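**Student:** Below you will find the structure I want to go over with you.
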Amino acid sequence: LSPTTGGQAGDLFGWSVHGVAVSGNKVVVGAYGDASFAGAAYVFVWDDVSKSWSQEARLTAVDRQAGASFGFAVAIDGDRVVVGAVFEDDGTTGPVGAAYVFEWDNGASSWTQPEKLQALDLEAWNQFGYAVRHTLAEKSGFIRDMIPWLLGYDGAYAVGKKPTVNSAPVINVL
C-alpha cells in the first residue's frame, strides 16, 4: 500500500509498530512524519471486484500542528478510527499528546472528526496516544459506545477513567 494523494518520501508511512490497523475490508496506516511531523493517517478499502486496495481518505487533525506526530498510533473498528498524536502541544503544558476519533459519515461520504481526547492530568512529555486500541462495549456511553484505550508514557487510560484504584476522570473530550 502507498498513498495515492498526499504522500511523499519522509512521511514515515506505516513506519511505527503502532502505525497500521485492520478492520474488515479497511486498513488505516499512520504517516506521522508528514508535513514536518504534523502527521496524517490514510484509510484504504479493499475492493473484491478489482481485487485491489484504494485510498478512501487522508485524515489529519482539525487543529493540526507541526511536531505532533499524528499517526504514530492508529486503530480502526468498522467506521471508527482513533489516531494518536504523541507530541500534540496543548499550548500551555507543552507536548502532552492527544488522540483523535474519526467516524465515517454515510450522508457526506467522508470521514469526520467528532472528538479529540486528552488526559486531564496533563504533563509535558506524557506521550498520550503513544498506542491506541479500542473495543466496542454494550451500553458503555463512551464515545458512542466505543471505548478507546490509550497508552501514554505514564500509564494506560480508558475514556472516562484511568484503570487504577483512583476513579477520578482523566480524559477530557475536547
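The values are calculated or read from the model by the stated rules, or taken from the named source; none is laboratory data. Just so we're clear, the structure is a prediction, and the values are computed from it rather than from any experiment. Glycine also receives a Cβ, built like all others from the backbone with ideal geometry; neighbour counts cover every protein chain displayed. Areas reflect the complete protein model, heavy atoms only, side chains present, ligands, DNA and RNA absent. Shrake-Rupley method; radii C 1.70, N 1.55, O 1.52, S 1.80 Å.
**Student:** Give me the 1.4 Å probe accessible area per residue for region 1-68, excluding ligands and nucleic acids, in Å².
**Tutor:** Computed with neighbouring chains in place, this is 51 Å² per residue.
**Student:** Roughly how many percent of the accessible protein surface of region 21-86 is carbon and sulfur, given a 1.4 Å probe and a whole-percent answer?
**Tutor:** 52 percent
**Student:** State, to one decimal in nm², a quarter of the convex hull surface area for the C-alpha atoms of region 1-78, i.e. the direction-averaged projected area. It would help to have the intermediate numbers written out before the result.
**Tutor:** Values: hull surface 20.1 nm².
Result: a mean projected hull area of 5.0 nm².
**Student:** Net charge near Ala98: determine it from the other residues with C-beta under 11 Å of the C-beta of Ala98, scoring Lys and Arg +1 and Asp and Glu -1.
**Tutor:** -4
**Student:** Count charges around Leu59 for me, please; just the other residues with Cβ under 14 Å from its Cβ, Lys/Arg as +1, Asp/Glu as -1.
**Tutor:** -3
**Student:** Moving to a separate point now. Give me the one-decimal nm value for the distance between modelled label points at Asp47 and Val62, 7 Å along each residue's Cα-to-Cβ direction.
**Tutor:** It works out to 3.2 nm between the two label points.
**Student:** Using per-residue counts of other Cβ atoms within 10 Å, averaged over each peptide, order 66-79, 114-127, 3-16, 33-46 from highest down.
**Tutor:** The most tightly packed comes first, giving 66-79, 33-46, 114-127, 3-16.
**Student:** Determine the sum of side-chain charges near Phe44: Lys and Arg each +1, Asp and Glu each -1, restricted to other residues whose C-beta is under 11 angstrom from that of Phe44.
**Tutor:** Combined, the nearby Lys, Arg, Asp and Glu give 0.
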